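The values are calculated or read from the model by the stated rules, or taken from the named source; none is laboratory data. Source: prediction; values computed, not measured. FYI the Cβ positions are ideal-geometry reconstructions off the backbone, even for glycines, and counts take in every protein chain you see.
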Amino acid sequence: MANRLPVHGTASRQSLLGLLVLCVFSFTAAAQGLPRARSPEEVGFSSERLKRLTETFKTEIDKGTMPGSVLLVARRGKVAYYETLGVRDPQMNDAMPADAIFRLASMTKPFVSVATMMLAEEGRLVLSDPVSRFLPEFKGLQVGVEQKDADGQTKLAFEPARREMTIQDLLRHTSGLTYGQFGVKTLVKTAYDSAGISSPDLTAPEFITRLSKVPLAHQPGTTWDYSVSTDVLGRVVEVASGQDLDAFIRERISRPLGIRDAGFSVPSANHGRIAESHMNQNTGQRIVTRNIHVPPRRFGGGGGMVATASDYVRFCQMLLNGGELEGARLLSKQSVASMTSNHLPAGTRYTPHIVSLAAAGPSPDVGQGWGLGFVVRTEQGKNPLPGSVGEYYWNGAFGTAFWVDPREQLIAIMMVQAPGQQRLRGLMRQLVYQALAG
């Protein structure tokens with residue numbers, strides 16, 4: 001005789017089914033990052049108009065702009081639009097999954113800014129502290145000044161810094177530091193290249209020691225220059241907290257926020273979820289080559305992290321909520337308000353690199369400034385891209401982008417692995433805002 005279920009078997013099956021549904025729901029919620037709206041209309045979007053975003057990105061994928069993308073738009077704390085398009089890896093030709101892991105590049109910087117502000121709230125640092133308080137090598141830095149010698153040749157002279165760079169300077173990119181690879185090549189940038197500042201073989205202490213031997217590009221506090229400031233800030237976080245940057249972010253930011261994949265490398269079990277770029281036909285290598293399969297020797301605060309779209313939207317929602325998400329408070333409302341305000345004083349100078357940033361630059365000419373980790377919009381009417389006063393955002397060199405618009409209670413995430421996507425970011429902005437119906 002066949003085995004029979006006990007009398008309570010039906011109830012058990014129902015319980016099991018309920019548990020299965022709950023598990024599926026929990027997985028889906030985790031994959032989306034935030035609860036899903038019943039429809040885009042529930043949170044003020046037009047479903048019909050959002051199709052324009054999908055079709056535009058499909059067209060760009062067909063043109064070869066990128067292999068694939070994950071696009072996420074949330075409003076009022078709920079996901080209104082979550083679309084996966086194209087392929088995860090053009091060599092494998094597998095479909096882009098919702099939980100694809102992307103190299104964030106400079107979208108790492110806001111995580112390090114949050115870490116810094118958390119330490120400030122704990123009294124471990126003050127934004128006006130000189131950086132040398134935590135990194136003694138930075139005491140007594142000199143500024144490199146280009147001068148012509150008697151033969152008309154340009155040479156590098158040195159003058160003492162008129163004041164020390166501060167933690168605030170690192171957060172707002174007025175430290176006097178620069179990037180060797182961006183903008184007009186100067187003798188200081190050449191010195192960066194010669195010193196091998198960007199070498200992946202350097203540990204964090206080695207990076208700081210080597211950087212401290214190269215002159216500053218500007219007097220601290222005078223000039224906005226997109227720079228290795230956040231890499232230095234990452235090392236400050238390590239010294240002030242007593243933890244390496246990866247551990248701090250995982251334990252103090254990711255875990256409380258329920259973020260699963262954000263970090264500086266990808267475990268082997270998840271390598272099949274890494275979004276990859278096209279191949280460079282001239283070199284036979286991928287266009288985006290950063291190795292994230294193993295932990296790096298240095299946790300680069302300026303651009304070393306990876307994450308999924310659902311990870312990043314939870315991070316953004318915490319900021320939009322004023323430092324809290326689902327009962328986990330990382331920052332006070334006052335700290336977030338400070339981070340998302342313009343910290344560049346009147347009279348700040350800008351390097352020529354700002355021209356290449358165009359509408360994304362922190363220039364008054366486009367109605368924007370720089371807060372403590374990202375661009376902030378300060379005026380309406382000067383920027384060619386749609387948005388609201390008070391919004392804040394930044395992009396990654398490998399193609400990623402995000403913005404947070406508090407006035408509209410809106411978050412948008414664009415995840416692609418294809419460098420140089422200013423126009424694509426502009427398209428996404430236009431198509432998100434045109435889909436707002438109320």
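Rundown of residues vs (1) polar (S, T, N, Q); (2) buried (at least 16 other Cβ atoms within 10 Å of the Cβ), yes/no style:
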| site | (1), (2) |
| --- | --- |
| Thr116 | yes, yes |
| Glu122 | no, no |
| Val126 | no, no |
| Asp129 | no, yes |
| Phe138 | no, yes |
| Gly144 | no, yes |
| Lys148 | no, no |
| Asp151 | no, no |
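Scanning region 135-170 for residues that are touching a strand residue (DSSP E or B) at 6+ places or on another chain (Cβ under 7 Å) and of a type in the set (D, E, K, R) turns up Glu146, Lys148, Asp149, Lys155, Glu159, Glu164.
Being touching a helix residue (DSSP H, G or I) at 6+ places or on another chain (Cβ under 6 Å) and either in contact (Cβ under 8 Å) with a residue 60 or more places away in the chain or under 30 Å from Val145 (Cα atoms) (or both) is the filter here; which residues of region 239-252 pass it? Step through it out loud before you land on a result.
At the first step, the residues of region 239-252 found to be touching a helix residue (DSSP H, G or I) at 6+ places or on another chain (Cβ under 6 Å) are 240-241, 244-245, 248-249.
Matches in region 239-252: Ala240, Ser241, Leu245, Phe248, Ile249.
Output yes when any residue across region 342-355 is closer than 23 Å to Asn321 by Cβ, assigned by TED's automatic domain parsing to the domain that holds Cys316 and not β-branched (Val, Ile, Thr), and no when none is. Yes; the residues of region 342-355 include at least one that is closer than 23 Å to Asn321 by Cβ, assigned by TED's automatic domain parsing to the domain that holds Cys316 and not β-branched (Val, Ile, Thr). Do the conditions hold for Tyr192, that is, is it of a type in the set (Ser, Thr, Tyr) and not in a helix (DSSP H, G or I)? Criteria not met by Tyr192.
What about Asp231, is it modelled with pLDDT of 95 or more, closer than 21 Å to Phe111 by Cα, in contact with a Pro (Cβ under 8 Å, 6 or more places away or on another chain) and surrounded by 13 or more Cβ atoms within 10 Å (Cβ to Cβ)? It is false that Asp231 is modelled with pLDDT of 95 or more, closer than 21 Å to Phe111 by Cα, in contact with a Pro (Cβ under 8 Å, 6 or more places away or on another chain) and surrounded by 13 or more Cβ atoms within 10 Å (Cβ to Cβ).
If we scan region 124-140, do we find a residue that is small (Gly, Ala, Ser), in a helix (DSSP H, G or I) and more than 25 Å from Tyr433 (Cα to Cα)? The answer is yes, given that some residue of region 124-140 is small (Gly, Ala, Ser), in a helix (DSSP H, G or I) and more than 25 Å from Tyr433 (Cα to Cα). Where helices (runs of 4 or more DSSP H) sit wholly within region 268-377, those with at least 2 residues that are aromatic (Phe, Trp, Tyr) occupy 309-320. Within region 192-209, residues that are in contact (Cβ under 8 Å) with a residue 12 or more places away in the chain and polar (S, T, N, Q) reach partners that are in a helix (DSSP H, G or I) and surrounded by 14 or more Cβ atoms within 10 Å (Cβ to Cβ) with beta carbons closer than 7 Å, at six or more positions or on different chains, in the pairs Thr209/Glu137.
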